[in-house]
Amino acid sequence: MSETPLLDELEKGPWPSFVKEMKRMANLKPYAKNVLLQLERSYREKVTHWKHGGIVGVRGYGGGVIGRYSDLPPEVMPTPEVHTLRVAQPAGWFYSTKALRKLCDVWEKYGTGFINLHGSTGDIILLGAPTGNLQPCFEELISIGFDLGGSGGDVRTLSCCGGPAFCQWSCIDTLDMYHELTMELQDEIHRPRFPYKFKIKISGCPNDCVAALARADLAIIGTWRDSIKIDQEAIKEYARQGVNISGVAARCPPQALEWDGKELRVIPEDCTRCMRCLGALPKAILPGDERGVSILLGGKATILQGAFLGWVIV
Ligand code: HEM
Ligand code: SF4
Ligand code: SF4
């Protein structure tokens, strides 16, 4: 009889399973196995056995580690401390395989080996290490070029889209901005001294792939102030291929596009830079040339719509 009959259900089906991955580590480390068994027990009893509480951390930093303890008795959970480390992601989430392998080796040595790539903010979330391992684990992470991210009432790890590294719509160098701001705000990221968390996210264009509008206290979003650029030859080519250009014009929210069967024209002062026509006709329409950013404050929406999006600062 399996020790984890309920979790085993989550291994069935054609999709990847976190249970399968957790079992791989559980076979190597009793510490990881105990976490797996605790999860099974929670599924059975329909109650969490994690409790929050107590500040844990590494020398010189107030953030980056989240304390987690098991409430199960020692005969079931001999090491009840299962703390989480938040490791700051590189700008745009670009890694070499070599760097990731080193990270995995450090984590297998000091923690459960369970990694969440990535948290909603984007950090690499290392799930589960005992208190005594936090400092040596941190030191090894630093030695391979990683750093902890933010937690608690501090500036949280920033996030930015891949921007100019792969995206034709990027109006700004999101990666450089992320790096510069992260360096500038080192103290604010590592030492919580605000009443609440503060998030900064950078998107290269109004598509806003990192959801800065909804989820950041300070959103920096690339934009342009002249007109979208329309390549009429490419538009004709789309039309030849049967793409419904008048449909694209009809779906422009402020009705700023006109299509006469030969040419697609824009009324620049009516365009709200919603990105729809650029997305529909990517080979033909690009952002304008006079590029900069919109800065927004105060986004705290739980989803990507609603009354709590950021406010543009003018
Ligand atoms: C025990 C307390 C909490 C724990 C352990 C926790 C854990 C986490 C983790 C691991 C992430 C992903 C972080 C990352 O990728 O860097 C996250 C993100 C987030 N948390 Fe929490 N959290 C806690 C409390 C809260 C509270 C109190 C709120 C709001 C009132 C909150 C709102 C959020 C939001 C909105 C995100 C996603 C933000 C984004 O899109 O960047 N969390 N949390
Ligand atoms: S936010 Fe814009 S620039 Fe950044 S990746 Fe998304 S579409 Fe590209
Ligand atoms: S970006 Fe949006 S508002 Fe501007 S022309 Fe295209 S569809 Fe219309």
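Of note:
- Hits in the stretch 63-111 (condition: surrounded by fewer than 19 Cβ atoms within 10 Å (Cβ to Cβ), assigned to a loop (DSSP other than H, G, I, E, B), under 22 Å from the mean Cα position of the chain (by Cα) and in contact (Cβ under 8 Å) with a residue 40 or more places away in the chain): Phe94
- Hey, Gly145 loosely packed, with under 14 Cβ neighbours inside 10 Å and more than 16 Å from ligand 1 (Cβ to nearest atom) or not: yes
- Selection count, the stretch 190-237, where residues are aliphatic (A, V, I, L, M), surrounded by fewer than 21 Cβ atoms within 10 Å (Cβ to Cβ) and not in a helix (DSSP H, G or I): 4
- Lone qualifier among Val243, Val248, Val210 - being of a type in the set (Val, Ile, Thr) and within 16 Å of ligand 1 (Cβ to nearest atom): Val210
- Of all residues in the stretch 219-275 being polar (S, T, N, Q) and more than 30 Å from Trp311 (Cβ to Cβ), the one that is farthest from ligand 3 (Cβ to nearest atom): Gln241
- Condition broken by Gly242, with the remaining ones in (1) in a loop (DSSP other than H, G, I, E, B); (2) touching a Gly at 6+ places or on another chain (Cβ under 9 Å); (3) more than 16 Å from ligand 2 (Cβ to nearest atom) satisfied: (2)
- Note on the stretch 158-204: residues that are within 16 Å of ligand 3 (Cβ to nearest atom) and either more than 21 Å from His118 (Cβ to Cβ) or among the basic types (Lys, Arg) (or both) total 3.
Readers should treat all values here as calculations from the given coordinates under stated rules, not as data from a laboratory. A quick note: this is a predicted structure, and the numbers were derived from the prediction, not measured. FYI the Cβ positions are ideal-geometry reconstructions off the backbone, even for glycines, and counts take in every protein chain you see.
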